[in-house]
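The structure appears right after this line, and notes come after that.
The values are calculated or read from the model by the stated rules, or taken from the named source; none is laboratory data. This structure is a prediction, so every number in the text was calculated from the model and none was measured. Cβ coordinates were reconstructed from backbone atoms using ideal geometry, including for glycine residues, and neighbour counts include every protein chain displayed. What goes into the accessible areas is simple: the full protein's heavy atoms, side chains included, and nothing from ligands, DNA or RNA. Shrake-Rupley method; radii C 1.70, N 1.55, O 1.52, S 1.80 Å.
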Amino acid sequence: MVDAADVELRNATYAWFVELGRAPSSAETAERVRSEPAAVRGGWRRLHEAHALVLDDAGELHMANPFSAVPTRHRVRAAGRSWWANCAWDAFGICAALHVDGCVESSCPDCGEAFAVEVRDGRPDDESLVFHCLVPAARWWEDIVFT
Amino acid sequence: MNLFRSEEHVERWLAGREAGATVTVATLAELAQAWWGDRLEPTWRPHTREQNQAILAGVGLTDEFWRLP
């Protein structure tokens, strides 16, 4: 069960992820919030179980949705920084979460063609592209990394 | 969940697998605004299933494919 302290930890984790442009480790986060790594990992575990973030097998961050801790096909440049996104939806989500214009860099899984979509006031400048979601919503969290 | 050059590219990539759902990138961007817009707010709280289903419906994603568990 996520409590107020877990939400506070989650908000601090997200804020630092944005600032760093990468995922902070549990040890870094513990230092940041003046706590112990085990306490951070415990809070992250509860947040993971509540689908508020996603941990890897070692208990470190894999996703702080929409941000990805690992390189993916989807890169977002905005506000002078850049982040990996978990998927195309999340790539637009990074601009939305930051409330800034930006550029979504991705590529077509079929032909490999790279594209850079400028996002201005939440709208893409290239509306010829399409978005495909393979997994039905009812099954997204059965394997969120695959989804 | 990927962006494709066109629906023809989606079909070729699927290579006979069952298709999911394809929407325009404009709809995707609109969905992302509603789904993720509060994610860094200090007042953020987890969305309920009902909130998320309403966000999907708000951009026209109402069929069975988009029904949350």
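Structural remarks
- Total accessible surface hidden between A and B, rounded to 100 Å², 1.4 Å probe: 4300
- Neighbourhood charge, 13 Å Cβ-Cβ cut-off, centred on residue B:14 and excluding it, Lys, Arg +1 and Asp, Glu -1: -3
- Tail weight of P(r) past 26 Å, computed on alpha-carbon pairs of chain A, percent: 29
- With DNA, RNA and ligands ignored, accessible area of residue A:87 (1.4 Å probe; Å², nearest 10): 10
- Heavy-atom surface of chain A, accessible at 1.4 Å and reported per residue (Å²): 45
- Debye equation applied to the C-alpha atoms of chain B, log10 I(q)/I(0) at 0.24 Å⁻¹: -1.13
- Segment B:42-69 and segment A:77-107 have Cα centres spaced 21 Å apart.
- Neighbours of residue B:2, meaning other residues whose beta-carbon lies under 14 angstrom from its beta-carbon, give a summed charge of -1 when Lys and Arg score +1 and Asp and Glu score -1.
- Principal semi-axes in Å for segment A:4-64 [√(5λ), Cα gyration tensor, largest first]: 14, 13, 11
- Residue-wise HN-Hα coupling along segment A:60-67, computed from phi with Karplus coefficients 6.51, -1.76, 1.60 (Hz; x: Gly, Pro): 9, 5, 10, 9, 10, 3, x, 7
- In segment B:25-69, chymotrypsin sites (Phe, Trp or Tyr not before Pro) in a DSSP loop with at most 16 other beta-carbon atoms within 10 Å: B:44
- Taking a sphere under 15 Å around the Cβ of residue A:45 and counting the other residues whose Cβ falls inside, with K and R at +1 and D and E at -1, yields a net charge of -4.
- Among the protein heavy atoms of the protein assembly as shown, carbon and sulfur supply 49% of the accessible surface, probe 1.4 Å, non-protein parts ignored.
- Radius of gyration and Dmax over the Cα atoms of segment A:75-138, both given in Å: 11.8, 37
- Theoretical ellipticity at 222 nm over the protein assembly as shown - DSSP helices of four or more residues, -39500 (n - 2.57) apiece, nearest 500: -11000 deg cm²/dmol
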